[in-house]
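A short worksheet on the structure shown next.
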Amino acid sequence: MIVDSATPVTLLGGAPIAPGDLEAALDIAPTLICADGGADVAIAAGHVPAAVIGDFDSISEAARGRIPAERQHPIAEQDSTDFDKCLRNVRAPLVLGVGFLGARVDHHLAALSVLVRRHAAPCLLLGSEDVVFNAPARLNLDLPVGCRVSLFPMAPVTGVSEGLRWPIDGLRMSPDGQIGTSNEVVASRVRIAVDGPGLLVLLPRTALDAAVAALSSSEY
């Protein structure tokens, strides 16, 4: 492990972020790690990251000059994304990712793919409109009635649910078949259980605290 933290960490990528999102993440997870060019975003916001991980094809020389050499961890291989390099080299109770959603569609899809591939590492991505994470085997969410809950399978998966307007019990979900976008909360506690990794949970940005609490108490 390049970073081994007993507390949640913020992981910053290079995609555009909404005003206040980095600060909101750091309030929850104050240790800042950057994926390659995310270091430039951090420096511009007045933060020096505890570590920078990636292939270093995006970080500027100016940013590298501001970050102590021992905090820079280049990984030369090109077979994985910088986000993947980070998740497999960071151990923490929760990784809160900012700057991975909302830019190029291919980068966006690649980040969602990594969420599933590295499902053993609890990670939540924060965007300007949504929070996204891979559903653990058992998930309990405290959300207001009427809240949007979208479920998108990145692999074949089945499960059961409580507290949703349209239960997923008995559904065989898959990317090219049954999906579960725009579901709705009908009880204060939502319970979801799945038979394996691959089901992404997408909630409104306002549900960040509820998502963090749920992931922090879930078993992976």
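The values are calculated or read from the model by the stated rules, or taken from the named source; none is laboratory data. Treat the numbers as computed from the prediction; the structure is a model and nothing was measured. Counting neighbours? That spans all protein chains shown, and the Cβs are built from the backbone with ideal geometry, glycine included.
Annotations for the structure displayed:
- Residue in region 161-170 that is in a loop (DSSP other than H, G, I, E, B) and either modelled with pLDDT under 95 or in the same structural domain as Gly14 (by TED's automatic domain parsing) (or both) present: yes
- Residues (of a type outside the set (Val, Ile, Thr), crowded, with 20+ Cβ neighbours inside 10 Å and on the phi < 0 side of the Ramachandran plot) located in region 22-39: Leu22, Ala25, Ala29, Leu32, Cys34, Ala35, Gly37, Gly38, Ala39
- For region 84-101, the criterion of a residue being in a strand (DSSP E or B), surrounded by fewer than 21 Cβ atoms within 10 Å (Cβ to Cβ) and in contact with a strand residue (DSSP E or B) (Cβ under 6 Å, 6 or more places away or on another chain) is satisfied by at least one position.
- Residues in region 65-82 that are under 12 Å from Cys34 (Cα atoms) and of a type outside the set (Val, Ile, Thr) were compared, and the one that is surrounded by the most Cβ atoms within 10 Å (Cβ to Cβ) is Asp82.
- Residue match in region 175-197 (condition: in contact with a strand residue (DSSP E or B) (Cβ under 8 Å, 6 or more places away or on another chain), assigned to a loop (DSSP other than H, G, I, E, B), at pLDDT below 95 and surrounded by 16 or more Cβ atoms within 10 Å (Cβ to Cβ)): yes
- In a residue-by-residue description of region 124-134, the property of being over 28 Å from Ala210 (Cβ atoms) and of a type in the set (Ser, Thr, Tyr) applies to no position.
- Some residue of region 4-11 being closer than 19 Å to Leu208 by Cβ, touching a Leu at 6+ places or on another chain (Cβ under 9 Å) and without any contact (Cβ under 8 Å) to a residue 60 or more places away in the chain: no
- Residue that is surrounded by the most Cβ atoms within 10 Å (Cβ to Cβ) [pool: residues in region 158-174 that are among the aliphatic types (A, V, I, L, M) and out of contact with any Pro (no Cβ under 8 Å at 6 or more places or on another chain)]: Ile168
- If you filter region 120-139 down to residues that are buried (at least 17 other Cβ atoms within 10 Å of the Cβ) and farther than 25 Å from Leu22 by Cβ, you find that the one that is nearest to the chain's Cα centre (by Cα) is Ala135.
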